[in-house]
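> What follows is a single structure, and I will ask about it in a moment.
The values are calculated or read from the model by the stated rules, or taken from the named source; none is laboratory data. Keep in mind that this is a model prediction, so the values were computed, not measured. Here Cβ is always computed from backbone atoms with ideal geometry, including for glycine, and neighbour counts include all displayed protein chains.
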Amino acid sequence: MIDDTSKLLGKRETVPGSSVQGHRKALEASAWLAAVVENSDDAIISKTLDGIITTWNRGAERLFGYTAHEAIGQPIRMIIPDGRLFEEDEILRRLRNGERVDHFETVRLRKNGELVEISVTISPVRAEDGSILGASKIARDITDQKRASAQQALLLREMHHRIKNLFTLTAGLVTLSAKASAGSAVFAADFRSRLQALARAHALTMPDDNAAAEPATTFVALLQAILAPHVADDRPRIAIRGCDAPLVGKALTSVALLLHELATNAAKYGALSGSGGRLSIDLAVENGTLRMIWQESNAPHSSPETRREGFGTTLEQAAVSGVQGSLHRDWKADGVSITLEVALRSLVG
């Protein structure tokens, strides 16, 4: 550069337009990256190789409860439970070796003392010469995911258990029904009836979206389901009175089979075998025991001779034993009276 007298005053350097544009784009990219990091839902943290926190975004504030002002400059160990401090030692060792830690699932500590399950990915941060300056960490809360996985595993275990029990029960029904039946037609009818009773009981236990996996219903609901095929629309002949009680788990299957046998006998030989028959069921709870009185009246046949000892009797005894209960029959002129007593704790165990 020269003045008006043509003397040399100095030299002005110029920066090519492409370099200015490149610099501006680099600044814009950095601004975009900073905005993404700051507004990410995930916790994004950086730390030195000594484990000192150097950056802490809003996601980290939400996840761990510490503000950036509180966290920066502090050791990362402040969010690690005592029982997992060994993990940080191993992570730092791997970082110093230039290794990346991908989707490591662990537990960390919030400011309020609560534990939170997270998945964390940690990468080494390198200088231009390739040396490792520190690490960047992305942490995501997986508490809900873990809870859902645990619930799914519980449901699968329960399903496996119930299907296994169903196959075992079905095999027993086939074997004993075949031994007790006079022919294939009788066997098919009896076996189908028992399976249908189990299906009706199972339908009562289907949980809604928020229910636990354990099958559950109530005694009255099960009675109504078992007796539904015998209810006549034009004449009320079945009455259920009294209090109710919960039925849970294995007790449900035992009680369903027992009530089905009582209903089957009533339909074959008792009050439900004729148009004039009546069945009244009274339920009461006293001293932790459920008492059911099954009273048949106007039964066409009512005598011990009409009750044939066979698979039904064996199944009935097994069902009563399954709930640690007792069952007594009192044969009267117009129908049998059956008293079942079961401890309430046996119905929910």
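> In the stretch 81-90, how many residues are within 22 Å of T143 (Cβ to Cβ) and either without any contact (Cβ under 8 Å) to a residue 12 or more places away in the chain or of a type in the set (K, R) (or both)?
Adding up the residues that qualify gives 4.
> Here are some residues: A216, A245. Which one is modelled with pLDDT under 90, of a type outside the set (V, I, T) and closer than 21 Å to L347 by Cβ?
Details: A245 fails: modelled with pLDDT under 90.
Every option except A216 fails the conditions.
> Identify all residues within the stretch 227-269 that are in a loop (DSSP other than H, G, I, E, B), within 19 Å of S297 (Cα to Cα) and in contact with a helix residue (DSSP H, G or I) (Cβ under 8 Å, 6 or more places away or on another chain); write none if there are none.
R237, Y269
> Now for a different question. Among (1) over 19 Å from A319 (Cβ atoms); (2) modelled with pLDDT under 85, where does A271 come up short?
Looking at each condition in turn, A271 falls short on (2).
> All but one of (1) closer than 16 Å to A228 by Cα; (2) touching a Pro at 6+ places or on another chain (Cβ under 9 Å); (3) not aromatic (F, W, Y) hold for G276; which doesn't?
In the conditions (1) closer than 16 Å to A228 by Cα; (2) touching a Pro at 6+ places or on another chain (Cβ under 9 Å); (3) not aromatic (F, W, Y), G276 misses (1) alone.
> Kindly evaluate E61 against the criterion of being under 15 Å from D41 (Cα atoms), out of contact with any Cys (no Cβ under 8 Å at 6 or more places or on another chain) and outside any strand (DSSP E or B). Even if it seems obvious, please write down each step before you answer.
Numbers: under 15 Å from D41 (Cα atoms): yes; out of contact with any Cys (no Cβ under 8 Å at 6 or more places or on another chain): yes; outside any strand (DSSP E or B): yes.
Yes: the conditions hold for E61.
> Sort out which residues of the stretch 20-61 are modelled with pLDDT of 90 or more, polar (S, T, N, Q) and under 36 Å from the mean Cα position of the chain (by Cα), and write them in order of number.
N57, the sole residue that qualifies.
> Tell me which residues, restricted to the stretch 91-123, are among the small types (G, A, S), free of Cβ contacts under 8 Å to residues at least 24 places away in the same chain and not in a strand (DSSP E or B).
Residue satisfying the conditions is G113 alone.
> Sticking with this one: Quick one: how many residues across the stretch 124-148 are assigned to a loop (DSSP other than H, G, I, E, B) and either closer than 12 Å to H103 by Cα or out of contact with any strand residue (DSSP E or B) (no Cβ under 7 Å at 6 or more places or on another chain) (or both)?
Residues flagged as assigned to a loop (DSSP other than H, G, I, E, B) and either closer than 12 Å to H103 by Cα or out of contact with any strand residue (DSSP E or B) (no Cβ under 7 Å at 6 or more places or on another chain) (or both) within the stretch 124-148 amount to 5.
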